[in-house]
Amino acid sequence: MASREEIIAQLTAAGPFELAEDTSAGYPIRIYKNAPASFRQVLEGARTFGDRTFSIYGEETLTFAQHHAQVAALAHHLLERGVKKGDRVAIGMRNYPEWSIAFWASQSIGAIVVALNAWWTAAELGYALEDSAPAALIIDGERLERLRGVIGRPGIKAVVVTRRGHAGAGGVDFAEVVAGGPVELPEAEVGPADLATILYTSGTTGNPKGAMATQRNHMTNLMNTLLAGTVARVTAGLPAEADPAAPQSGVLQTFPFFHIGGLTGLYLSVATGAKVAMMYKWAPADAVQLIEAHGLSAVSGVPIVVRQLLETAQVMGADMSSLIGVTSGGAPVPPDLIRRIGDQFQAKAAPGNGYGLTETTSAIITNGGADYLARPDSIGRAVVTADVRIVDDTGADVPRGQIGELWIRGPNVIPGYWKNPEATEAAFGGGWFRSGDLGYVDEEGFHHVVDRMKDVIIRGGENVYCAEVEAALLEQPKVRDAAVVGLPHPELGEEVAAVIQVDPVDEVPSTAEALRAALSERLARFKIPTSIRLTTGELPRTATGKILKRELRSGYF
């Protein structure tokens, strides 16, 4: 049987995944010769799925044909209001079906989608609108209430409101726009170099930056994901092309659409004809019921979401046999979670992990299936279009096994930050994106991430990587969640501290001591937390599932 490398070489030599060299940026990168030119082309191709179920939200369903008709009606409405190619369209809402319709309508006319974080405060939403200056705003009632003071600002030509609110003066209700409108897309030319999205970073050190991605960035991500699925099929002894007569696949959407992980899941589903189950908010029991009721075949989410899903399914005794893929990402994935996926599904559901950032248009290093079960502490190998370097403080490559910063280059790396040339030069200057993540490559070519550069704790001259300590804590039976932070220390510089979510216990002090004792069998003494805070409540997280370590420092220490 051919090796994985041989299979990839065959698939990328000719056919839909054929690679070509592009030097337009002044250095060579590998691109997919036959990739779709744009989201518009992907949408037009999806018309063949017709009466297949497109989305599931509560008791509501949409077919692909209904979705396309509503997309076309909204696209015409935007054009009639003066929105044109290159204008920004801000979308601010939870994971409603309307989010998808708004996204594809904007893409079909060449507008740039500004994805607003649905968890933002009025001030944060206002900053993003001020920064991106959208020509249109498509928003739900909850966000509308937060933005009443800025809706009427000059430059916004169209305001469309859906769910839990009404447009009122100056706007129009979403249902009115999509009812009985044109069912064919308006004419538009959209190409690979055109900007497609602006996704704002988390802004942990100031105002968030608008990461602007091109159509090619997203199409490369789509092709990378499709290639990974094809490689998995061929490796399993199946035909390279999926059987069109096979039952429709379905995905549980847990990432918010304003996150690159959620957006990737959305457009992958459209490209492959899969149905998408959406949730108003994350609720593990509801998620389990959705998987059972609709026979969903895949789920992806941050580690805490996947962990809660598995725990809840086990408690409920649910039938999760329809799942063939369980993917975690968006934060470091503890090895024990990968083993649990393998055990709970008797290795019938392939685990997967993708390492990537908004700036790399989702995953550029991936691990999955048997490789992941064998190496649960690795993020895997680079996708075929990406070049990855591990460099020291001077920018020189380090030997295998040595820790350095991950630098990334390829057609999935975005061109920069919206209206922020200084930040763009700092992160992307010289053609390589500086990830800010520390990691290494082992002798077999598998990548490992050990920590964010800014999160490394330097205790008495020794480097402590938070992800390593967190992974060791999560192996302990009473630990449900854990986060490690550095605290100032007068003599050592920093000390290692941990906030740990545990099951309810009677003897809190003895539990903390027991955890330290258990860690002593796995970690060097200087890595073991000297300060431990236990809680039975959930740790504070962002909308995309990342631990808010600033809140931990102020709230627990």
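We did not get these values from a lab; they are worked out from the coordinates using the rules stated. Note that the structure is a prediction, hence the values are computed from the model and not measured. Note: ideal-geometry Cβ built from the backbone for every residue, glycine included; neighbour counts use all protein chains shown.
Rounded to the nearest 20 debye, the dipole size of the chain about its Cα centre is 800 debye, using +1 on the Cβ of Lys and Arg and -1 on the Cβ of Asp and Glu. Stretching Ser520 away from Thr23 to a fully extended chain increases their span by 173.7 nm, per 0.36 nm per residue minus the current alpha-carbon distance. In terms of its Cα atoms, the stretch 459-556 spans 35, 31, 21 Å along the principal axes, sorted from long to short. Across q = 0.12, 0.17 Å⁻¹, the stretch 354-511 modelled as identical point scatterers on its alpha-carbon atoms has Debye log10 I(q)/I(0) values of -0.65, -1.11, in the order of the q list. Once the Cα-Cα distance is subtracted from the 0.36 nm per residue extended length, the Thr530 to Val183 segment shows a gain of 118.6 nm.
Kirkwood Rh over Cα pairs of the stretch 367-416 into Stokes-Einstein at 10 °C, 1.306 mPa s: D in µm²/s?
126 µm²/s
Dividing the convex hull volume of the alpha carbon atoms of the stretch 129-193 by its residue count gives 130 Å³ per residue. The packing ranking of peptides 515-522, 190-197, 376-383, 111-118, highest mean first, is 111-118, 376-383, 190-197, 515-522, where packing means the average number of other beta carbon atoms within 10 angstrom of each residue.
DSSP assigns beta bridges within the chain; of those with both partners inside it, close to 55 percent run antiparallel.
Which of Leu137, Leu534, Leu238 comes first, and how do the rest follow, when ranked by fewest Cβ neighbours within 10 Å?
With the fewest neighbours first, Leu137, Leu534, Leu238 line up as Leu238, Leu534, Leu137.
The value of relative contact order for the stretch 448-488, using C-alpha pairs under 8 Å at least six residues apart, is 35 percent.
Given Cα positions, please report Rg to Rh for the stretch 30-182, the hydrodynamic radius being the Kirkwood one. For the stretch 30-182, the value is 0.97. By other beta-carbon atoms within 10 Å, ranking His218, His259 with the fewest at the front produces His259, His218.
From most to least packed by mean Cβ count within 10 Å, the peptides 139-147, 88-96 give 88-96, 139-147.
Beyond 25 Å in Cα-Cα separation lie the following of the pairs Lys84/Lys281; Lys527/Lys549; Lys281/Lys546; Lys85/Lys419: Lys84/Lys281. Between Val172 and Lys281, the FRET efficiency from the beta-carbon distance, with R0 = 35 Å, is close to 0.85.
Using 0.36 nm per residue, how much length does the chain from Glu538 to Ala318 gain when fully extended, once their Cα-Cα distance is taken away?
76.8 nm
For the chain, the equivalent ellipsoid derived from the alpha-carbon gyration tensor has semi-axes of 37, 27, 25 Å in decreasing order. Summary of packing: across the peptides 480-491, 9-20, the per-residue average of other C-beta atoms within 10 Å ranks them, highest first, as 480-491, 9-20. Between the stretch 202-258 and the stretch 178-194, the C-alpha centres lie 23 angstrom from each other. In this simple spin-label model, placing a label point 7 Å from the Cα along the Cα-to-Cβ direction at both Arg339 and Glu80 gives a separation of 6.1 nm.
Using only alpha-carbon positions in the stretch 40-103, the gyration tensor eigenvalues give semi-axes of 22, 15, 10 Å once each is multiplied by 5 and square-rooted (largest first).
Sorted fewest first by neighbouring Cβ atoms within 10 angstrom, Glu80, Glu124 come out as Glu80, Glu124.
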